[in-house]
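Asks: Once you've had a glance at the structure underneath, I'll fire off some questions.
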Amino acid sequence: MLKIAIPNKGSLSQGAMELIQKAGYKCRRASKELYCADTANKVEFYFLRPTDIPKYVEAGIFHFGITGRDITHDSTLKVEESVALGFGKARMMYITPGDFNLKGLQDFEGKRIACSYPHLINEHLKANGITAEIIKLSGAVEISLQLGIADFAADVVETGTTIKQAGLKVVGEPILLSEAILVSKDKQTETLPQAELFLKRIKGIIVARKYLMVEFDIPTTKLEAACQIAPGLESPTISPLRDKEWNAVKVMLKSSEVNAIIDELSHIGAKAIIVTEIRTCRI
């Protein structure tokens, strides 16, 4: 049986279960169960704390685990990042009082920095020649500045709203760009038949989320121009319509570019433009 560790709560858990279910696996958790099995696909899922998952994966207890890149980097454990999953995105940032004007990382020299990722922050400071006192906290590090136990802080930031509300601000460049990742013990683990299939299915969902299927009708005289505007991955699928002066075109496009492209297609005379989501794909 393929064994996979999933975060037991929070946005990482929700995103992981949604991704796995879309990949065709039965992964449902009733109440606070720590385990469920998809016997048809021969996969077992275990629900654990995200910070513990890299430990179990490194030990070979699980073939794969889903956790955050920030957690993996801070753990110092030797696991392989198999694929970035595209959700749970956040920035690891330094945090200062709202009225503090940071000139550079040298301002942190000899100061107290509160964080939940001591190894990650310490390594970043060392790489920049800075020596500071790291104060490890389990969470809500921004309150440490208000209570006076730290001069600055470092934490994972999504929107930054909570930090602003506390009268603080994020400064400098991101220490780390984090997101949910699928980790394995090593590359060899990924070559196991069931592991390879799981990885292909997951990648299929991730790729599909980056693309949309666009269909439209275009006059024959504008067909070449339309293909230049929307070339697709290899080339568009073109089908003649009953009216010989028109053609139907179907093409796979990056979702980030679709709106601009359909504006151009409409401008040159395309009609009946339809955009649909892609559930999964293999490229």
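The values are calculated or read from the model by the stated rules, or taken from the named source; none is laboratory data. Computed from a predicted structure; not experimentally measured. Positions of Cβ are backbone-derived with ideal geometry, glycine not excepted, and every protein chain shown enters the neighbour counts. These accessible areas exclude ligands, DNA and RNA; they are computed on the full protein's heavy atoms, side chains included. Shrake-Rupley method; radii C 1.70, N 1.55, O 1.52, S 1.80 Å.
Asks: Step by step: first the residues of region 84-100, then only those that are within 24 Å of ILE6 (Cβ to Cβ) and in a loop (DSSP other than H, G, I, E, B), then the one that is most open to solvent (accessible area, probe 1.4 Å). Which residue is that?
Replies: LYS89
Asks: On to the next question. Could you list all residues from region 200-214 that are under 27 Å from LYS271 (Cβ atoms) and crowded, with 16+ Cβ neighbours inside 10 Å?
Replies: ALA208, TYR211, LEU212, MET213, VAL214
Asks: Of the conditions (1) out of contact with any Phe, Trp or Tyr (no Cβ under 7 Å at 6 or more places or on another chain); (2) open to solvent by less than 40 Å² (accessible area, probe 1.4 Å); (3) closer than 30 Å to GLU109 by Cα, THR189 satisfies every one except a single condition; which number is it?
Replies: Here THR189 clears every test but (3).
Residue by residue, here is whether (1) crowded, with 16+ Cβ neighbours inside 10 Å; (2) at pLDDT below 95 holds:
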{"site": "THR162", "(1), (2)": "no, yes"}
{"site": "VAL170", "(1), (2)": "yes, yes"}
{"site": "LYS185", "(1), (2)": "yes, yes"}
{"site": "PHE198", "(1), (2)": "yes, no"}
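Asks: So which of ILE20, ILE66, ILE61 is outside any strand (DSSP E or B), under 18 Å from the mean Cα position of the chain (by Cα) and in contact (Cβ under 8 Å) with a residue 24 or more places away in the chain?
Replies: Only one candidate qualifies: ILE20.
Asks: In addition: Look at region 224-261 and say how many of its residues are β-branched (Val, Ile, Thr) and open to solvent by 40 Å² or more (accessible area, probe 1.4 Å).
Replies: 2
Asks: Now, a different point. Take region 28-39 and flag every residue that is open to solvent by less than 90 Å² (accessible area, probe 1.4 Å) and either of a type outside the set (A, V, I, L, M, F, W, C) or modelled with pLDDT of 95 or more (or both).
Replies: ARG29, GLU33, ASP38 - these are the residues of region 28-39 that are open to solvent by less than 90 Å² (accessible area, probe 1.4 Å) and either of a type outside the set (A, V, I, L, M, F, W, C) or modelled with pLDDT of 95 or more (or both).
Asks: Where residues in region 267-283 are over 13 Å from VAL251 (Cα atoms) and among the hydrophobic types (A, V, I, L, M, F, W, C), which of them is most open to solvent (accessible area, probe 1.4 Å)?
Replies: ILE283
Asks: Step by step: first the residues of region 117-148, then only those that are touching a Lys or Arg at 6+ places or on another chain (Cβ under 7 Å) and more than 19 Å from THR76 (Cα to Cα), then the one that is least open to solvent (accessible area, probe 1.4 Å). Which residue is that?
Replies: ALA132
Asks: Could we say that TYR25 is over 28 Å from LYS169 (Cβ atoms), surrounded by fewer than 19 Cβ atoms within 10 Å (Cβ to Cβ) and not aliphatic (A, V, I, L, M) here?
Replies: Considered against the rule, which asks whether it is over 28 Å from LYS169 (Cβ atoms), surrounded by fewer than 19 Cβ atoms within 10 Å (Cβ to Cβ) and not aliphatic (A, V, I, L, M), TYR25 comes out as no.
Asks: Moving on. Determine, yes or no, whether ALA226 is at pLDDT 95 or above, among the small types (Gly, Ala, Ser) and assigned to a strand (DSSP E or B).
Replies: Spelling it out, it is not the case that ALA226 is at pLDDT 95 or above, among the small types (Gly, Ala, Ser) and assigned to a strand (DSSP E or B).
Asks: Looking at LYS169, is it farther than 27 Å from THR76 by Cα, in contact with a helix residue (DSSP H, G or I) (Cβ under 7 Å, 6 or more places away or on another chain) and of a type outside the set (Phe, Trp, Tyr)?
Replies: Judged against the criteria, LYS169 is a match.
Asks: Restricting to region 98-125, what's the tally of residues that are of a type in the set (A, V, I, L, M) and out of contact with any Phe, Trp or Tyr (no Cβ under 9 Å at 6 or more places or on another chain)?
Replies: 1
Asks: On to the next question. From (1) touching a Ser or Thr at 6+ places or on another chain (Cβ under 8 Å); (2) open to solvent by less than 40 Å² (accessible area, probe 1.4 Å); (3) of a type in the set (S, T, N, Q), pick out the condition that doesn't hold for THR51.
Replies: The single condition THR51 does not satisfy is (2).
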